[in-house]
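J.: Could you have a look at this structure, given as structure tokens, before my questions?
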Amino acid sequence: MASVLDQVKQWTIIVADSGDFKSITQYNPQDATTNPSLILQACKDPKYDYLINSAIEYAKEKGGSTEKIIELAADKLLINFGSEILKIIPGRISVEVDAKLSFDTEATIVKSRHLIALFEEVGVDKSRVMIKIASTWEGIQASKVLENEGIKCNMTLLFSFTQAVACAEAGVTLISPYAGRILDWYMKNTNKTYKSNEDPGVLSVTEIYNYYKKFGYKTIVMGASFRNTDEIEELAGCDFLTISPALLNKLQNSYKKIERKLSPDTAHHHLASRATYNENSFKWDFNENAMATEKLAEGIRLFAKDTRTLHLILRQRLTNESSIISEDIKPVVKNSKPFKMFKRLAKLVINQA
């Protein structure tokens, strides 16, 4: 019998959700996605030191202030990881703009163009890259401009039908509804456990998928942020699913018969009527969804925090500091040298945020 992973692949494009590209080759994914947290995690592995050092040297050669060098090194690091991942997958890599730009349309457009230019410098065509942008109103408007320029967008941190509709109307290439984080919120706030077919995250992705297929939207639905393999099995048939190496391993080593759950052929049974949003109606409807507003804000904060920590690591490498830097550093004696150094560096970075 075929593994569950191979069965899902019959109906769904599998995407590896990891910056640790040396761990994903065995699963033969079509595409791959990264985010600030995944890149930060990978950077803590010494086997990727060469990518960090290369990014720093590139930025130093371009010159400028220390802050400009660090920002460019962080951007170049995304390209270094992305271009390495593209050597082992046939499809596209998704890289994310800085979360602190989530409410700035013009800055998001500028940063996205810059990332594409960096990829093109190393011979990667923009057709193999998707720019990940938070699904705020401002981010969605940025994606509309970028898509018209031929820059493909992956709208991330998507937790609601409202966001999904606005993304489809903007003509984005792909959305990433976060099934697992939706489940997290409901479990925390209802004190309930959910069967896989009642999982709020699964139901949200299913609703969006059916709506898109019913009304003929071309935007790809890529379920993301899974907590268990049951969620993945319930979404078999979704356009794309981005899955961590740990869950890919479980799917690859599971042998049971599963059924396709999502299909364009059954989407017409979806009962929703067509929706449309302007800025005011989008923000109002989104505000009415406590789960989505809380998870979007939380996601932006966490990605921004991990980006700041990554900048601290790059600063450490640039200045040859020897102490380990992390925003999650354990309490130390306030007068100790590591504490003073961290406080000084953190203050510099926060002032730049």
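J.: Filter region 203-255 for residues that are assigned to a loop (DSSP other than H, G, I, E, B) and open to solvent by 30 Å² or more (accessible area, probe 1.4 Å) and give the result.
T.: Listed by number, the residues that qualify are PHE215, GLY216, TYR217, LYS218, ARG227, ASN228, ASP239, SER244, ASN253, SER254, TYR255.
J.: For region 274-310, give me each residue that is polar (S, T, N, Q), open to solvent by 50 Å² or more (accessible area, probe 1.4 Å) and in contact (Cβ under 8 Å) with a residue 40 or more places away in the chain.
T.: Within region 274-310, just THR276 meets the criteria.
J.: Scan region 256-273 for residues that are in contact with a helix residue (DSSP H, G or I) (Cβ under 7 Å, 6 or more places away or on another chain), part of a loop (DSSP other than H, G, I, E, B) and open to solvent by 80 Å² or more (accessible area, probe 1.4 Å) and report the count.
T.: 2
J.: Quick one: how many residues across region 77-104 are over 11 Å from VAL124 (Cβ atoms), assigned to a helix (DSSP H, G or I) and touching an Asp or Glu at 6+ places or on another chain (Cβ under 9 Å)?
T.: 3
J.: Here is a follow-up. So which residues in region 70-88 are β-branched (Val, Ile, Thr) and either under 24 Å from LEU157 (Cα atoms) or open to solvent by 20 Å² or more (accessible area, probe 1.4 Å) (or both)?
T.: ILE79, ILE85, ILE88
J.: Among the residues of region 169-182, write down those that are open to solvent by 10 Å² or more (accessible area, probe 1.4 Å) and without any contact (Cβ under 8 Å) to a residue 60 or more places away in the chain.
T.: ALA170, GLY171, THR173 - these are the residues of region 169-182 that are open to solvent by 10 Å² or more (accessible area, probe 1.4 Å) and without any contact (Cβ under 8 Å) to a residue 60 or more places away in the chain.
J.: Answer yes or no as to whether ALA16 is small (Gly, Ala, Ser), open to solvent by less than 10 Å² (accessible area, probe 1.4 Å) and part of a helix (DSSP H, G or I).
T.: In short, no.
J.: Turning to a different aspect of this structure: Can we say LEU38 is outside any loop (DSSP other than H, G, I, E, B) and under 19 Å from ASN154 (Cβ atoms)?
T.: yes
The values are calculated or read from the model by the stated rules, or taken from the named source; none is laboratory data. From a predicted model like this one, the values you see are computed outputs, not experimental measurements. All Cβ positions, even for glycine, are placed from backbone atoms using ideal geometry, and neighbour counts span all protein chains on display. Just the protein is used for accessible areas: all its heavy atoms, side chains included, with ligands, DNA and RNA removed. Shrake-Rupley method; radii C 1.70, N 1.55, O 1.52, S 1.80 Å.
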